[in-house]
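These notes concern the structure reproduced below.
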Amino acid sequence: MSQNYSYFAHKECEYFPCHKGADPENFNCLFCYCPLYALGRNCGGAFQYKENGIKDCTNCLFPHRRENYQKVIARYKDILGVLKRLEAENRTESGENA
């Protein structure tokens, strides 16, 4: 069975490839905005935090490698956990019932 859904390269994009040193023939744009970013230090990618606290993923190619599609998808439960925790915190702060 084909897995064409798991990879696409938007070679017409003015930023393609958006990470220096990336192999343009094996650069997956499917996760252009990385869903793993929300996992902070637990994302599994090559990142650093800048002095201002912003997470810098400039050197991370993990979600852009064709072979990592399933690894990214496998982390969606972790991402959902982060979102649920944030929602619970927001409800608590606003005085809503959980």
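Filtering segment 70-84 down to residues that are over 16 Å from residue 6 (Cβ atoms) and touching a residue at least 40 places away in the same chain (Cβ under 8 Å), which residue is surrounded by the fewest Cβ atoms within 10 Å (Cβ to Cβ)?
83
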Out of all the residues in segment 46-69, which are among the acidic types (Asp, Glu) and closer than 20 Å to residue 5 by Cβ? 67
State the number of residues belonging to segment 17-39 that are over 13 Å from residue 6 (Cα atoms), in contact (Cβ under 8 Å) with a residue 24 or more places away in the chain and part of a helix (DSSP H, G or I). 4
Any chance you could count how many residues in segment 40-59 are among the polar types (S, T, N, Q) and not in a loop (DSSP other than H, G, I, E, B)? 2
Out of contact with any strand residue (DSSP E or B) (no Cβ under 8 Å at 6 or more places or on another chain), assigned to a helix (DSSP H, G or I) and either of a type in the set (D, E, K, R) or surrounded by 13 or more Cβ atoms within 10 Å (Cβ to Cβ) (or both): is that true of residue 87 in this structure? yes
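Residues to consider are 34, 13; find the one that is touching a helix residue (DSSP H, G or I) at 6+ places or on another chain (Cβ under 9 Å) and at pLDDT below 95. Full working, then the answer.
Details: 13 fails: touching a helix residue (DSSP H, G or I) at 6+ places or on another chain (Cβ under 9 Å).
Exactly one residue qualifies, and that residue is 34.
The values are calculated or read from the model by the stated rules, or taken from the named source; none is laboratory data. Computed from a predicted model, the values in this text were never measured in an experiment. Here Cβ is always computed from backbone atoms with ideal geometry, including for glycine, and neighbour counts include all displayed protein chains.
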